[in-house]
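First the structure, in the form of structure tokens, and then the observations on it.
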Number of protein chains: 2
Amino acid sequence: MHAPRALVQDSHAPLDPFGTARALDPRGGLPQPARRVDSDFSRLFPGEMLLAVETLNVDAASFRQMEDAARRAAGGAALSDEACDEAVARQVQATVLERGKQHNPVTGSGGMLLGRVLQLAPGRGEDVAAVGDRVATLVSLSLTPLRIDRVKAVRRASAQIDVDGEAVLFASGAYARLPSDMPERLALAVLDVAGAAPQVARLVERAGAAAQGRRTVVVVLGAGGKSGVLCAAEARRTGGDRVRVVGVERFAPYADDLRALGVCDAVAVADATDPVAVRSAVLEATSGVEADLVFSCVNVPDAEMSAILVTRDRGTAYFFAMSTSFTKAALGAEGVGKDIDLMIGNGFAHRHAEHSLAMMRAMPAIRALFERRYG
Amino acid sequence: MHAPRALVQDSHAPLDPFGTARALDPRGGLPQPARRVDSDFSRLFPGEMLLAVETLNVDAASFRQMEDAARRAAGGAALSDEACDEAVARQVQATVLERGKQHNPVTGSGGMLLGRVLQLAPGRGEDVAAVGDRVATLVSLSLTPLRIDRVKAVRRASAQIDVDGEAVLFASGAYARLPSDMPERLALAVLDVAGAAPQVARLVERAGAAAQGRRTVVVVLGAGGKSGVLCAAEARRTGGDRVRVVGVERFAPYADDLRALGVCDAVAVADATDPVAVRSAVLEATSGVEADLVFSCVNVPDAEMSAILVTRDRGTAYFFAMSTSFTKAALGAEGVGKDIDLMIGNGFAHRHAEHSLAMMRAMPAIRALFERRYG
């Protein structure tokens, strides 16, 4: 049984959705850059969701850094996997004790968590989960107040740590109710890139409205990867016959997977770091027509120019990959005189989790591919 | 008298506007990343504009690096300003000889140039300049084929180098005809940020069309600086009474200048690296209404969250500053659950130079401010 926590009166009204009341150092700032946040859950601030934590999905880069640190600390001595796991667990506990959140001080990254809703403080918007539901948080652990009571298991292969503990999600913090009709690993793989498909749907609709009967050309770079497949599939689902979807993928087996899904009009095998080759391949597939919309899902540096060079005048290049360089995109478009909209992929969109999970139900071939690859 | 150059037959049709025919290492790539480009101007490729070069406006970071290198090479010995200038000139000549372009191998940056049009090869779009006109290039020297015959003067204060030489601009390369009705320094200051105002005009129009009678709230961060003033002024000029313009500026004298221009409904003095303070200041100015459009012209790191926090649901945050971090913007918006469009400022827009120079003629108070500051 959960003992209901006391509610604090709201003294930070306009900013409370972002959790500034929990920032301790500096006080009253945003919780993500804060060196320390308040993880005293004996009372809740307005808008907070209290969670019983089951599993921390630690960011892969963060997990690897802690493993490396453990092995370095052992000096020349070989470290058993068990000893390494224990060392990682100790580092997580130390970080959470010191900072009030699993915000890796070296990598700066966090991860997300799985848990169960314990209490909903008043002052939240519309919630998709109720007390007792299992949820996955979709905001970084680097800003999520967390208390760990016990580490139960470290699962190295998936960078997961099972714990007993509690956490708080702010009113602005995105989360998803875990679906009962698909395996948890599949759901987590989809939630990891949940922002992609809703953004594609919006942009394809907007481009279609402006196209006046002409077919909208959509290019997806890195179209065989996880977010790329969802982008290509959503472009087709939203635009139907009114869009021409061209997928560009470097890795031949992924290109084959993509062809088998049947969502693209053409799939070209090309390296997104070679803009001249990508432009040739795309123009060949479209008989010389540049793209209205380009989605770059390529997680390597120097893919900016490929997206820019294939976008038509006043078209849009949308960058989902975190490896994108702001300056390379800005100066690259200027250098080739391309008057196009350049967009930073926003991982959040309203109801993005529900949207992307619904795609798995509506598109069984994609669900089967994802279960095979990520399940 | 200029002896007309021979024309090369087009063998790179779909890519020629970008100058791939001039890339030598690697051959056939884009000229910007190329280690070396072809600066043999005895013949021109289709779409090229041949220029007689008068002045190189070297990128400030590049100029400083060459000065530092010269002083380091002198060891402990004091280097006279003249000797330092000569050393910078030698470095520029060596770079241009080796790479075929003034692409500083250390900083990676270039600059732009002033010159006179000698010849226009067939295959260009509509040109705003004819043979004999003085022009400023608006694409980086880091991709502009250049030959230097003689260095005439080095002007340290403005990082300018007067030369005799020739250069080629590709069909995709932006440039502006230098106006005869304003001082060159004023024109160059405006051209440096020419992309800002046209983008503001477009976005304010689009937001106005969607607003259905409601006043569009426009926030400009760094509104007292060069691009910030142009953004605020253009928002007012395009939107008139239908927009509410809030300028945020940290530097008090710049905030005073901005107030005196009368283009903002409110000017707040706040530091853009403090998102909580900026949000409070903006919401106070708008009686609690978040912004439809935010333009960030703040050239310091960590200003992303201020722009994101004041943008309304489904509004747009537009980042002009090169100090913007792609990942901080993307993860920042996700972290606070803001479903907004995040845009990378594109320095190029059609007729952006003419647009911004015309603002100087239409808005004498801004012209006077710019002449005082940058003239």
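Give me Rg/Rg_expected for segment B:149-286, where Rg uses Cα atoms only and Rg_expected = 2.2 N^0.38 Å with N residues.
1.33
Please give the helix B:60-73 orientation as an angle from the longest Cα principal axis of chain B, in degrees from 0 to 90, rounded to the nearest 10.
Taking the Cα atoms of chain B, the angle to B:60-73 is about 50 degrees.
Given a 1.4 Å probe and the protein chains all in place, what does the accessible area of A:His103 round to, in Å² to the nearest 10?
20 Å²
Nearest 10 degrees is fine. How inclined is helix B:352-362 to the longest principal axis of chain B, computing both from alpha carbons?
Helix B:352-362 and the main axis of chain B meet at about 60 degrees.
Counting only the heavy atoms of the protein chains, how much of B:Ser287 is accessible to a 1.4 Å probe, in Å² to the nearest 10?
B:Ser287 has an accessible surface of roughly 100 Å² with all protein chains in place.
Considering only the label points, 7 Å along Cα→Cβ from Cα, what distances in nm to one decimal separate B:His350 from the same position in each other copy, shortest first?
3.3
Hey, what do the phi angles of segment B:178-195 turn into as Karplus ³J(HN,Hα) couplings, whole Hz, using 6.51/-1.76/1.60 and θ = phi - 60°, x for Gly and Pro?
Coupling constants for segment B:178-195: 6, x, 8, 9, 8, x, 4, 5, 5, 4, 5, 4, 6, 4, 4, 10, 5, x Hz.
For A:Ala94 paired with A:Arg150, estimate the spin-label separation in nm (one decimal), with each label point 7 Å from Cα along the Cα-to-Cβ line.
So the label points at A:Ala94 and A:Arg150 sit 2.4 nm apart.
Would you please give the residues with an amide H less than 5 Å from that of A:Tyr175, counting only those at least 5 places away or on a separate chain, with H modeled from the backbone geometry?
Hits under the 5 Å cutoff: A:Leu138.
Under a cut-off of 22 Å between alpha-carbon atoms, report the lysines in cross-link reach of A:Lys101, not counting same-chain residues fewer than 8 places apart.
The reachable lysines, counting only those whose Cα sits under 22 Å from A:Lys101, are A:Lys152, B:Lys328, B:Lys338.
In whole Hz, with x marking every Gly and Pro, tabulate ³J(HN,Hα) for segment A:323-333 from phi via Karplus 6.51 cos²θ - 1.76 cosθ + 1.60, θ = phi - 60°.
Ordered by residue, 3J(HN,Hα) equals 7, 5, 9, 4, 5, 5, 5, 5, 6, x, 5 Hz.
If you count only protein heavy atoms and use a 1.4 Å probe, how large is the accessible surface of A:Ser323, to the nearest 10 Å²?
Counting only protein heavy atoms, the figure is 40 Å².
Please arrange A:Lys226, B:Lys101 by accessible surface area, largest first, computed with a 1.4 Å probe and ligands excluded.
The ranking, largest first, comes out as A:Lys226, B:Lys101.
Between segment B:57-76 and segment A:26-83, what's the alpha-carbon centroid distance in Å?
Spelled out, the Cα-based centre of one part sits 45 Å from the other.
Pulled fully out, how much extra length does the chain show between B:Thr327 and B:Val8, if you take 0.36 nm times their separation in residues and subtract their Cα-Cα distance?
110.4 nm
Which Cα, out of A:Pro105, A:Ser227, A:Cys84, lies furthest along the positive dipole direction of chain A (beta carbon charges, K/R +1, D/E -1)?
A:Ser227
Please report, in debye to the nearest 20, how large the charge dipole of segment B:65-177 is about its Cα centre when each Lys and Arg carries +1 at its beta carbon and each Asp and Glu carries -1 there.
Using Cβ point charges on Lys, Arg, Asp and Glu, segment B:65-177 gives about 120 debye.
Over chain B, with a Gaussian network built from C-alpha contacts below 10 Å, which listed residue (B:Gly337, B:Gly345, B:Gly132) shows the highest mean-square fluctuation?
Fluctuation is largest for B:Gly337.
Counting only Cβ atoms, what residue of chain B lies nearest to the axis that sends chain B onto chain A, and how many whole Å off?
B:Phe326, 2
Rounded to the nearest 5, what % of DSSP beta bridges with both residues in the protein assembly as shown are antiparallel?
That works out to approximately 60 percent antiparallel.
Measuring nothing but label to label, 7 Å from Cα along Cα→Cβ, what are A:Arg259's distances to the other copies in nm, shortest first?
With the label placed 7 Å along Cα→Cβ, A:Arg259 yields 6.8 nm.
Mind listing the phi-derived Karplus ³J(HN,Hα) values for segment A:303-316, rounded to whole Hz, using 6.51, -1.76 and 1.60 with θ = phi - 60°, and x for any glycine or proline?
With coefficients 6.51, -1.76 and 1.60, one gets 9, 4, 5, 4, 5, 5, 5, 9, 7, 6, 3, 6, x, 10 Hz.
What whole-number distance in Å separates the alpha-carbon centres of segment B:358-372 and segment A:283-337?
35 Å
The values are calculated or read from the model by the stated rules, or taken from the named source; none is laboratory data. Here the structure is a predicted model, which means the values were calculated and not measured. So basically every Cβ, Gly included, is an ideal-geometry build from the backbone, and we count neighbours across all protein chains shown. The area values use the complete protein model at the heavy-atom level, side chains included, leaving out ligands, DNA and RNA. Shrake-Rupley method; radii C 1.70, N 1.55, O 1.52, S 1.80 Å.
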